[in-house]
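The values are calculated or read from the model by the stated rules, or taken from the named source; none is laboratory data. Quantities reported herein were computed from a predicted structural model and do not represent experimental measurements. A quick note on method: Cβ atoms are made from the backbone with ideal geometry, for glycine too, and the neighbour counts reach across all protein chains shown.
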Amino acid sequence: MKYLAKAATLDYDAGKCTGCRMCVEVCPHQVFVIENRRARITDIDRCMECGACALNCEAGAISVDAGVGCASAIINGMLTGGEPTCGCDSGESGSSSCC
Ligand code: SF4
Ligand code: SF4
């Protein structure tokens, strides 16, 4: 599955990477691979900004704005069994969130 092109906030600094493979292990969408003992992003558009890679990168080589947006809302909705909501309510027209 791909998300909006070039929209992911995922940022990766190869200079800090130790090649520990944690990002490869935890990413649900195979965004990272290891090549020449360092991580490489295969396709940033597959990133759903869950934040697992950044949380598990002890070298601090990865940053991502996790827990925001529709991907997070959908996941939270699945986990809680409730309706997905990302807090995008307009509050004016009475419409529900964009998710
Ligand atoms: S978790 Fe961090 S240090 Fe480990 S391979 Fe991935 S980017 Fe490199
Ligand atoms: S934020 Fe989640 S989906 Fe994106 S690269 Fe990291 S682990 Fe993979």
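Okay, residues lined up against (1) of a type in the set (Asp, Glu); (2) under 16 Å from the mean Cα position of the chain (by Cα); (3) modelled with pLDDT of 90 or more; (4) not in a loop (DSSP other than H, G, I, E, B):
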position: Ile34; (1), (2), (3), (4): no, no, yes, yes
position: Cys50; (1), (2), (3), (4): no, yes, yes, no
position: Leu55; (1), (2), (3), (4): no, yes, yes, yes
position: Ser95; (1), (2), (3), (4): no, no, no, no
By residue number, the members of region 8-18 that are more than 7 Å from ligand 2 (Cβ to nearest atom) and either under 11 Å from the mean Cα position of the chain (by Cα) or surrounded by 15 or more Cβ atoms within 10 Å (Cβ to Cβ) (or both) are Thr9, Asp11, Tyr12, Cys17
Let me confirm something: among Gly77, Gly60, which residue is out of contact with any His (no Cβ under 7 Å at 6 or more places or on another chain), modelled with pLDDT of 95 or more and more than 11 Å from ligand 2 (Cβ to nearest atom)? Gly60
